[in-house]
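A.B. asks: Structure incoming, see below.
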């Protein structure tokens with residue numbers, strides 16, 4: 001077995017790439033555009049109201065970001081998890097369901113997340129063991145888990161979650177009128193730490209190696225199958241955390257929870273520079289992709305566009321992002337062939 005610390009075929013980690021800043025610059029530009037064209041979005045004349053508007057956007061992004069963490073890890077490895085929205089819905093409702101029968105909050109959350117991990121492990125096992133495309137496996141689990149969530153929702157009809165559950169969505173850090181929701185501060189911290197680990201920790205770099213060339217990674221001792229199963233479990237786990245926050249924020253069961261989340265995080269990841277063929281991706285830039293989408297939807301609301309068009313806009317963004325990713329990948333392959 002070769003030493004996986006020396007991987008000449010894969011150890012071509014990218015130098016600084018200006019294109020990696022694209023989504024960050026686009027997000028900043030869009031923010032400035034909305035601030036300049038709408039007095040209700042952001043105004044220095046009413047900082048408190050503007051701060052509340054911005055925090056409301058970031059709050060929703062932060063909850064979605066949990067599902068995007070494991071999803072981004074998988075897309076780096078060239079895999080997809082289309083079940084994250086259904087898993088999030090199930091996790092939040094299952095936590096509320098257990099609390100309805102007097103299970104305390106902490107054990108209810110732990111049980112929900114444990115089931116999410118099992119779902120992720122099953123997804124990973126089926127993908128690795130039977131070599132079925134992850135898109136197909138997770139499409140099936142998306143439907144199955146959504147069915148479980150709908151069953152829970154029917155059993156929770158007209159039931160309001162306990163205050164102890166709802167309270168976790170209202171936790172804040174800081175003091176005064178500019179106190180920040182704890183989930184926002186937590187997500188910023190987690191995003192920065194994970195970004196550093198992706199760049200420096202060998203365990204995380206293995207994901208890039210597997211995504212770039214799984215056969216070469218295997219030759220150099222990387223157990224890609226085990227790694228994929230772990231990351232599928234992490235994807236379901238982080239989606240479950242987001243689902244618990246969704247349930248706590250809403251306060252009751254709702255069939256639409258998490259609907260379309262998988263396509264939102266996929267769009268955000270590709271906008272953030274991830275490639276559907278694997279080997280590329282960034283947790284931090286996926287976060288900026290989510291903020292970019294949230295700002296677009298906020299602009300839609302500000303300009304009194306029918307909210308029903310929101311899903312259409314996300315779909316168009318996804319098609320555009322995938323098209324650009326495909327064209328860039330094709331251009332790279334052609335350039336490599338010329339060499």
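The values are calculated or read from the model by the stated rules, or taken from the named source; none is laboratory data. Source: prediction; values computed, not measured. Cβ: placed from backbone, ideal geometry, glycine included. Neighbour counts: every protein chain shown.
A.B. asks: Based on what the data block shows, is residue 218 surrounded by fewer than 13 Cβ atoms within 10 Å (Cβ to Cβ) and either modelled with pLDDT of 90 or more or touching a helix residue (DSSP H, G or I) at 6+ places or on another chain (Cβ under 8 Å) (or both)? Walk me through it before giving the result.
C.D. replies: Working: surrounded by fewer than 13 Cβ atoms within 10 Å (Cβ to Cβ): no; either modelled with pLDDT of 90 or more or touching a helix residue (DSSP H, G or I) at 6+ places or on another chain (Cβ under 8 Å) (or both): yes.
It is false that residue 218 is surrounded by fewer than 13 Cβ atoms within 10 Å (Cβ to Cβ) and either modelled with pLDDT of 90 or more or touching a helix residue (DSSP H, G or I) at 6+ places or on another chain (Cβ under 8 Å) (or both).
Condition check ((1) at pLDDT 95 or above; (2) under 22 Å from the mean Cα position of the chain (by Cα)) across all residues:
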position	(1), (2)
137	yes, yes
145	yes, yes
149	yes, yes
154	yes, no
176	no, no
187	no, yes
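A.B. asks: One residue is enough: does region 259-273 have a residue meeting the conditions without any contact (Cβ under 8 Å) to a residue 12 or more places away in the chain, under 16 Å from residue 87 (Cβ atoms) and not in a helix (DSSP H, G or I)? Break it down into steps so the answer makes sense when it comes.
C.D. replies: Quick first cut of region 259-273, residues without any contact (Cβ under 8 Å) to a residue 12 or more places away in the chain only: none.
No.
A.B. asks: Which of the numbered conditions does residue 236 fail, given that it passes all the others? Conditions: (1) closer than 14 Å to residue 90 by Cβ; (2) at pLDDT below 95; (3) surrounded by 24 or more Cβ atoms within 10 Å (Cβ to Cβ).
C.D. replies: Unmet for residue 236, out of (1) closer than 14 Å to residue 90 by Cβ; (2) at pLDDT below 95; (3) surrounded by 24 or more Cβ atoms within 10 Å (Cβ to Cβ): (2).
A.B. asks: Take the residues in region 179-203 that are in contact (Cβ under 8 Å) with a residue 12 or more places away in the chain and in contact with a helix residue (DSSP H, G or I) (Cβ under 6 Å, 6 or more places away or on another chain); name whichever of them is nearest to residue 58 (Cα to Cα).
C.D. replies: 184
A.B. asks: Can we say residue 169 is surrounded by fewer than 21 Cβ atoms within 10 Å (Cβ to Cβ), in contact (Cβ under 8 Å) with a residue 60 or more places away in the chain and closer than 26 Å to residue 94 by Cβ?
C.D. replies: Values: surrounded by fewer than 21 Cβ atoms within 10 Å (Cβ to Cβ): yes; in contact (Cβ under 8 Å) with a residue 60 or more places away in the chain: yes; closer than 26 Å to residue 94 by Cβ: yes.
Taking the combined requirement at face value, the residue satisfies it.
A.B. asks: Now a separate question. Residue 9 is checked against (1) touching a helix residue (DSSP H, G or I) at 6+ places or on another chain (Cβ under 6 Å); (2) modelled with pLDDT under 80; (3) closer than 21 Å to residue 298 by Cα and fails just one. What number does that condition carry?
C.D. replies: (3)
A.B. asks: Still on this structure, please answer the following. Give the residues of region 77-96 that are in a helix (DSSP H, G or I) and touching a residue at least 60 places away in the same chain (Cβ under 8 Å), sorted by residue number. Steps first, answer last, please.
C.D. replies: Keep residues of region 77-96 that are in a helix (DSSP H, G or I), which gives 84-96.
Result: 84, 85, 86, 87, 88, 89, 90, 91, 92, 93, 95, 96.
A.B. asks: Let me confirm something: among 184, 244, 231, which residue is buried (at least 18 other Cβ atoms within 10 Å of the Cβ), closer than 28 Å to residue 149 by Cα and in contact with a strand residue (DSSP E or B) (Cβ under 9 Å, 6 or more places away or on another chain)? Walk me through it before giving the result.
C.D. replies: Working: 244 fails: in contact with a strand residue (DSSP E or B) (Cβ under 9 Å, 6 or more places away or on another chain); 231 fails: in contact with a strand residue (DSSP E or B) (Cβ under 9 Å, 6 or more places away or on another chain).
Every option except 184 fails the conditions.
A.B. asks: Also, I was wondering about something else. Among the candidates 27, 72, 40, which residue alone is modelled with pLDDT of 90 or more, in contact with a helix residue (DSSP H, G or I) (Cβ under 8 Å, 6 or more places away or on another chain) and farther than 14 Å from residue 232 by Cα?
C.D. replies: The match here is 27.
A.B. asks: Follow-up. When you check residue 245 against the structure, is it at pLDDT below 85, outside any loop (DSSP other than H, G, I, E, B) and farther than 30 Å from residue 215 by Cα, yes or no?
C.D. replies: Values: at pLDDT below 85: no; outside any loop (DSSP other than H, G, I, E, B): yes; farther than 30 Å from residue 215 by Cα: yes.
No, not satisfied.
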